[in-house]
Amino acid sequence: MAGAREVRNPDPHLINDDIRPATEAERHWSVLNMASLWIGMVVCVPTYTLAASLVQQGMNWWQAVLTILIGNVIVLVPMILNGHPGTKYGVPFPVLARASFGIQGAHIPSLLRALVACGWFGIQTWFGGFAIYQLLNTLLGDALMGSDLPFLGINPGELGCFLLFWAIQVYVIFKGVESIRLLETYAAPFLIGIGLLLLGWAYVAAGGFSSMLEMPSAFDPGGEKEGQFLSVFFPSLTAMVGFWATLSLNIPDFTRYAKSQRDQILGQAIGLPTTMTLFAFISVAVTAATTVIFADPVTGAPAEPIWDPTILAGKIGGGFTVVLSLFALAVATMSTNIAANVVSPANAMINVNPSKVSFQVGGYITAGLGVAILPWKLIETTGGYIFTWLIGYSALLGPIGGILIADYFILRKTELDLDDLYKADGQYRYTNGFNVAAIIAFVIAVLPNLPGFLHQAGLVESFPMMGTFDAIYTYAWFVGFFIALALYIPLMKLLPQGQKA
């Protein structure tokens, strides 16, 4: 493969051991490794609660599961396409972005992706820390309960467990990239097994899944949202695509280690949509079962559904079961967080200054920002989670994906100059290191989604044509992706920045 060699005469400030092309010896990730990577990333608390958020929007169980399946089949396409150059040339995402955005312009997509990852790192760390909090309270009789701290809005016990889980992950970062592959490989079968055990427990304890099958849809005739299904389905579908839109950009960070294109394609196809759909089904089925399992023992009235697996784990069986469940949640969260939300920002920060920033330093910066965003505040409501967070960042990442695919597959026919990706004065220099064509395409593709985002985030109450812009925002990722895809090639032909330096 093209990347299985050393770069000839690279500029020292554009390369180090972390972002150089992967060597032949490093390319040993098989179909199993790639699938395990996805299983480890998919099985986590946010994925479990994803179906919950759709049900809370009014869907029944099969509508929620189907929406997640469709969204993940869609996002698998750019995932595989953007994974191709990683496997062919052995380069990470920030280096690949140099071909389309320019040697310096590559910082724009890579740092935007990195900021989203920092947000996700904080969210996942909060879930993992809360699992530890639940575990310790179960073992110590609620000893960690207490009043919330001013400004933070969480109690000292929750804060301490959050920071403990954060510190454990920092240690994994310290151990380096290969430790991530080992973590995912060993975690994957354990997590799938725990998920199936949880499903089996719910089925036996509830006497079947009749409660799930009887779950009504708010969109049915006579329902609270009768006739409004599509108005919820499409933004929810966009959010499902947005859930992994981050990885669809920086997937070269992992496929650069794949043995072949077959390994990265099959591994991703097996690991992503199948596991997401299975875990969504487990989530809905188990949650519906909790209304029966924990029903009022006197009146038989259904209990409130338990959507948060960290809370559910504290209510299941005896002490050993609780410990096992919460330990599984912590492992699931860590396997997702380290792979999905550390590698990308670490590589992006390395790309800014390879001579001074290593993978570990980039990871430490990511971990610090993950704390600073106060993640528990970011996910307080499902509406804010889906319509502001997930769709909002998909409006930024969709255009980047469109530009990367247009440049690599349509313009360059998958042929890159590996040496020039590491040279300041090569063909990817464009105008002072920036490809103006890519930047213009990106800005134009983001603009149609901006009014809808500002309205959804509550930053703007009203504006002309508000209904139209809100409708556009519903399809944020798709709108941005296809506008950028359509604009990039004409701009490259029209603008002098689209020519070689």
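The values are calculated or read from the model by the stated rules, or taken from the named source; none is laboratory data. None of the values given here were measured: they were computed from a predicted structure. Backbone-built Cβ (ideal geometry, glycine too); neighbour counts: all protein chains shown.
Within segment 330-338, not a single residue is surrounded by fewer than 18 Cβ atoms within 10 Å (Cβ to Cβ), part of a helix (DSSP H, G or I) and either among the aromatic types (Phe, Trp, Tyr) or at negative phi (or both).
Any chance segment 231-242 includes a residue that's farther than 22 Å from SER100 by Cβ, among the β-branched types (Val, Ile, Thr) and surrounded by 22 or more Cβ atoms within 10 Å (Cβ to Cβ)? If you could, list the steps in order and put the result at the bottom.
So in segment 231-242, the residues farther than 22 Å from SER100 by Cβ come out as 231-240.
Still in the running and among the β-branched types (Val, Ile, Thr): 232, 238.
Among the residues that remain, those that are also surrounded by 22 or more Cβ atoms within 10 Å (Cβ to Cβ) are: 238.
Looking for residues that are farther than 22 Å from SER100 by Cβ, among the β-branched types (Val, Ile, Thr) and surrounded by 22 or more Cβ atoms within 10 Å (Cβ to Cβ), one finds at least one in segment 231-242, hence yes.
For beta carbons closer than 9 Å, sequence separation of 6+ or different chains, a first residue in segment 350-361 that is in a loop (DSSP other than H, G, I, E, B) and a second that is of a type in the set (Asp, Glu) and buried (at least 17 other Cβ atoms within 10 Å of the Cβ), the qualifying pairs are PRO354/ASP18; VAL357/ASP18; SER358/ASP18. Hey, which of the helices (runs of 4 or more DSSP H) in segment 224-291, taking only ones fully inside, have at least 3 residues that are more than 20 Å from the chain's Cα centre (by Cα)? Fully inside segment 224-291 and qualifying: 229-250, 261-271. Within segment 173-191, the set of residues being crowded, with 19+ Cβ neighbours inside 10 Å and hydrophobic (A, V, I, L, M, F, W, C) comprises ILE173, VAL177, ILE180, LEU183, ALA187, ALA188, LEU191.
Looking at segment 137-162 only, could you name the residues that are buried (at least 17 other Cβ atoms within 10 Å of the Cβ), in contact (Cβ under 8 Å) with a residue 60 or more places away in the chain and part of a loop (DSSP other than H, G, I, E, B)? If the condition is that a residue be buried (at least 17 other Cβ atoms within 10 Å of the Cβ), in contact (Cβ under 8 Å) with a residue 60 or more places away in the chain and part of a loop (DSSP other than H, G, I, E, B), then ILE154 is the only one that fits. Every test in (1) crowded, with 17+ Cβ neighbours inside 10 Å; (2) within 16 Å of VAL43 (Cα to Cα) is passed by PHE165 save one, and that test is (2). Among the listed residues ASN347, ASN341, ASN353, which satisfies the condition of being out of contact with any helix residue (DSSP H, G or I) (no Cβ under 7 Å at 6 or more places or on another chain) and on the phi < 0 side of the Ramachandran plot? After ruling out the rest, the residue left standing is ASN353.
Restricting GLY223, GLY208 to residues that are over 14 Å from GLN57 (Cα atoms) and surrounded by fewer than 22 Cβ atoms within 10 Å (Cβ to Cβ) narrows the list to GLY208. Is it the case that VAL204 is part of a helix (DSSP H, G or I), farther than 30 Å from LYS259 by Cβ, of a type in the set (Val, Ile, Thr) and more than 29 Å from the chain's Cα centre (by Cα)? So VAL204 fits the description; yes. Answer with yes or no whether ILE265 is modelled with pLDDT of 85 or more, out of contact with any Cys (no Cβ under 9 Å at 6 or more places or on another chain), closer than 28 Å to LYS88 by Cα and surrounded by fewer than 18 Cβ atoms within 10 Å (Cβ to Cβ). The answer is no for ILE265.
Whether any residue in segment 128-136 is closer than 18 Å to PHE327 by Cα, without any contact (Cβ under 8 Å) to a residue 60 or more places away in the chain, within 21 Å of the chain's Cα centre (by Cα) and surrounded by 14 or more Cβ atoms within 10 Å (Cβ to Cβ) is what I want to check. Yes, segment 128-136 contains a residue that is closer than 18 Å to PHE327 by Cα, without any contact (Cβ under 8 Å) to a residue 60 or more places away in the chain, within 21 Å of the chain's Cα centre (by Cα) and surrounded by 14 or more Cβ atoms within 10 Å (Cβ to Cβ).
When you scan segment 289-305, do you find a residue that is closer than 24 Å to PRO92 by Cβ, surrounded by fewer than 19 Cβ atoms within 10 Å (Cβ to Cβ) and of a type in the set (D, E, K, R), even just one? Checked against the condition, which is being closer than 24 Å to PRO92 by Cβ, surrounded by fewer than 19 Cβ atoms within 10 Å (Cβ to Cβ) and of a type in the set (D, E, K, R), segment 289-305 yields no hits at all. Sub-8 Å Cβ pairs linking a first residue in segment 412-425 that is part of a loop (DSSP other than H, G, I, E, B) to a second residue that is surrounded by 11 or more Cβ atoms within 10 Å (Cβ to Cβ) and hydroxyl-bearing (Ser, Thr, Tyr), at least 6 apart or interchain, are THR414/TYR408; LEU416/TYR89; LEU416/TYR408; ASP417/TYR428; LEU418/TYR89, ordered by first then second residue. Taking every residue in segment 207-230 that is closer than 15 Å to ALA64 by Cα and pairing it with any residue that is part of a loop (DSSP other than H, G, I, E, B) and among the acidic types (Asp, Glu), at least 6 positions away or on another chain, the pairs with Cβ-Cβ distances below 7 Å are ALA218/GLU224; PHE219/GLU226; ASP220/GLU226.
From the list SER325, SER260, SER335, pick out the single residue that is farther than 24 Å from LEU397 by Cα, among the polar types (S, T, N, Q) and at pLDDT below 85.
The unique qualifying residue is SER325.
The residue list ILE483, ILE444, ILE489 contains one member that is within 27 Å of MET79 (Cβ to Cβ), under 27 Å from the mean Cα position of the chain (by Cα) and surrounded by fewer than 19 Cβ atoms within 10 Å (Cβ to Cβ), which is ILE444.
When the residues of segment 300-329 are filtered to those that are assigned to a helix (DSSP H, G or I), without any contact (Cβ under 8 Å) to a residue 40 or more places away in the chain and over 27 Å from the mean Cα position of the chain (by Cα), the one that is nearest to LEU272 (Cα to Cα) is THR321.
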